[in-house]
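Notes for the one structure printed next.
The values are calculated or read from the model by the stated rules, or taken from the named source; none is laboratory data. This structure is a prediction, so every number in the text was calculated from the model and none was measured. Ideal geometry is used to build each Cβ from the backbone, glycine not excepted, and the neighbour counts take in all protein chains shown.
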Amino acid sequence: MSSELDLRAPDATTEARPRTVDVTADDAIGASDATELLARVARREVSAAELREAAEARAWAADEHVNGVVRCIAPGPHLDAPMPADAPFAGLPTLLKDNETLAGYPALSGSCLGLDPIAATTLPEFGITASTESSRHGATRNPWDTERSAGGSSGGSAALVAAGVVPIGHANDGGGSTRIPAAVCGLVGLKPTRGRLPDALGVERLPVQITAQGVLTRTVRDTALYYAHADRLSPAPGLPAIGHVTAPGTRRLRVAFCVTGSRGLGIDVETVDAVRDAARLCEALGHDVVEVGPPVDDRFATDFLRFWELLAFLLHRGGRTIYGRDFDPSRVEVVTRGLSDRMRRHPEGLPGALRRLRAMARTHEPLFADHDVLISPVTGHPAPPIGALGPDVAFRTHLVRLIRFCSMTPVQNVSGSPAISLPLGRTAQGLPIGVQLAARFGHERTLLELALALEEAAPWPLTPGQAALPT
């Protein structure tokens, strides 16, 4: 990580804030993951009401230090009713990112999987940047180090899941917003294939379809269970079924790994080491492993930035149409305004950028003609300090830092291919480092089978309290 970020002065409240936050307790949830909690509910060892009560208590205890809750969500009317056949997660407490509503997110509503949201969680303004810090809600802090960012844009959910509030939380991903907070908070975060899960209303109008709903968990088996049920209840037309992945795969895979950033952007040494270690572990598990260069050419980063500028422009200039007449475009934050202004001043490159991005969305990634999995960094460096990507940072500085931090993840948003972040690495200071596995379009099962094998071979601490952090 650059010294520019490391040398930022801590804020005045540092002495009163614990370095790590872990609210795991001897309560109804205990140390269970989602899979175990559902089994305990089925055996009537614990009730949905008891789980919700424990999760709410944990949420308030954690939020004092990580600031991930926007508002509480009242319990549903049938919290302790018998579990319906079409709601396999009924009664399990969860979190809902604050850019979705209950009615607008069918994958979490009571009519589908049955997860019970206890709170709406923080995100940066419009989900534009990769650190959950905003002028409205303040900074969401990483429970592994509260002076560090929880990533973004699903940072509120990530911070609370990582702190032990609930075992599974809602996330979504338009440029890495599930995988980035998973990487810096030590979680499992899968961005599914485009079209795998129902998406929010209106995203089909985007000129390039980049968004995907999903979840953040602490174990691979919880992610696998979620997608097994989601895939069964709402099969994606034209995609192979994932099924319930419960064990590592037995097929010998062709694994490529890349530790080179696009456009020559440097990758932090400890992050490179984590990717190389993951590649060596795959080789030890019997897979064929080779090193490759970046999966896209240098033009991709510029094209995606232009598209991001367009999204900011539409939100900034069209906010009253989207959010109502009370929307005040003069109050948007520095990074939103800066991206919007870049679009307004230099629109000439947009048509070519959109044409190339749409072509990539149709052809997916040529790399997977010869390889089954690509291993790469999720981020260019571990979690940045609070304030490095904050709402008051000058636009040019913010943009440079943003590109250095999260230029690796947008590839799969454009191609539509699935990718998963696994917490396979740690810095010398004990911070999690995420490693990304990507596969060809529709092949989440391959990723989950390999992820289970890697988790079994190199298990990670599930919460900060389980880790032996350096003093």
Does region 346-380 hold any residues that are over 23 Å from Ile403 (Cα atoms), at pLDDT 95 or above and either of a type in the set (S, T, N, Q) or surrounded by 16 or more Cβ atoms within 10 Å (Cβ to Cβ) (or both), and which are they? Phe368, His371, Asp372, Val373
Which of the residues belonging to region 404-438 are small (Gly, Ala, Ser), in a loop (DSSP other than H, G, I, E, B) and farther than 18 Å from Asp372 by Cα? Ser407, Ala428, Gly430
On the basis of being out of contact with any strand residue (DSSP E or B) (no Cβ under 6 Å at 6 or more places or on another chain) and over 25 Å from Asp27 (Cβ atoms), does Gly195 make the cut? yes
Go through the residues of region 366-381 one by one and say whether even a single one is of a type in the set (Ser, Thr, Tyr) and in a helix (DSSP H, G or I). no
Could you tell me whether any residue of region 443-458 is within 20 Å of Asn172 (Cα to Cα) and surrounded by fewer than 23 Cβ atoms within 10 Å (Cβ to Cβ)? yes
I'm trying to understand the selection: among the residues of region 223-270, which are in contact with a helix residue (DSSP H, G or I) (Cβ under 9 Å, 6 or more places away or on another chain), of a type in the set (Gly, Ala, Ser), more than 19 Å from Phe368 (Cβ to Cβ) and modelled with pLDDT under 95? Gly261, Gly266
Count of residues meeting criterion [assigned to a helix (DSSP H, G or I), touching a residue at least 60 places away in the same chain (Cβ under 8 Å) and hydrophobic (A, V, I, L, M, F, W, C)] in region 326-362: 7
Region 257-273, residues that are assigned to a helix (DSSP H, G or I), closer than 14 Å to Arg404 by Cα and among the charged types (D, E, K, R): Arg263
Here is a list: Ala224, Ala182, Ala159. Which entry is buried (at least 22 other Cβ atoms within 10 Å of the Cβ), touching a strand residue (DSSP E or B) at 6+ places or on another chain (Cβ under 6 Å) and either farther than 30 Å from Ala428 by Cβ or hydrophobic (A, V, I, L, M, F, W, C) (or both)? Ala182
Filter region 381-394 for residues that are in contact with a Leu (Cβ under 9 Å, 6 or more places away or on another chain) and farther than 19 Å from Leu305 by Cα; the one that is surrounded by the fewest Cβ atoms within 10 Å (Cβ to Cβ) is Pro385
